[in-house]
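Notes follow once the structure below has been shown.
The values are calculated or read from the model by the stated rules, or taken from the named source; none is laboratory data. Given the structure is predicted, the values throughout are model-derived calculations rather than measurements. Reconstructed Cβ throughout: ideal geometry from the backbone, glycine too, with neighbour counts over all protein chains shown.
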Amino acid sequence: MGLGDKISNAAEDAKGKIKEATGKATDDESLEAEGKGDQTKSDLKSAGENVKDAFKH
């Protein structure tokens with residue numbers, strides 16, 4: 001996984017956590033769910049990159 005990918009995934013995860021927290025604070029279930037979705041997407045991207053890296057070595 002390249003450094004750019006790691007930074008991008010971390011930023012997406014952070015954005016998701018902020019959305020989730022904001023959704024909880026404002027009782028906006030839609031925003032909270034969107035934040036959780038962003039975090040899941042980031043986790044899946046990281047996992048996919050880790051699998052690619054494992055096959056490179």
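In the set (1) at negative phi; (2) not in a helix (DSSP H, G or I), the condition left unmet by Glu49 is number (2). Considering Glu49, Glu20, the condition of being at pLDDT 95 or above and among the charged types (D, E, K, R) is satisfied by Glu20 alone.
Taking the criterion of being touching a helix residue (DSSP H, G or I) at 6+ places or on another chain (Cβ under 7 Å), surrounded by 12 or more Cβ atoms within 10 Å (Cβ to Cβ) and free of Cβ contacts under 8 Å to residues at least 24 places away in the same chain, would at least one residue in the stretch 41-55 satisfy it? No, every residue in the stretch 41-55 fails to be touching a helix residue (DSSP H, G or I) at 6+ places or on another chain (Cβ under 7 Å), surrounded by 12 or more Cβ atoms within 10 Å (Cβ to Cβ) and free of Cβ contacts under 8 Å to residues at least 24 places away in the same chain. Out of all the residues in the stretch 2-40, which are assigned to a helix (DSSP H, G or I) and surrounded by fewer than 11 Cβ atoms within 10 Å (Cβ to Cβ)? Selection gives Leu3, Gly4, Ile7, Ala25, Glu29, Ser30.
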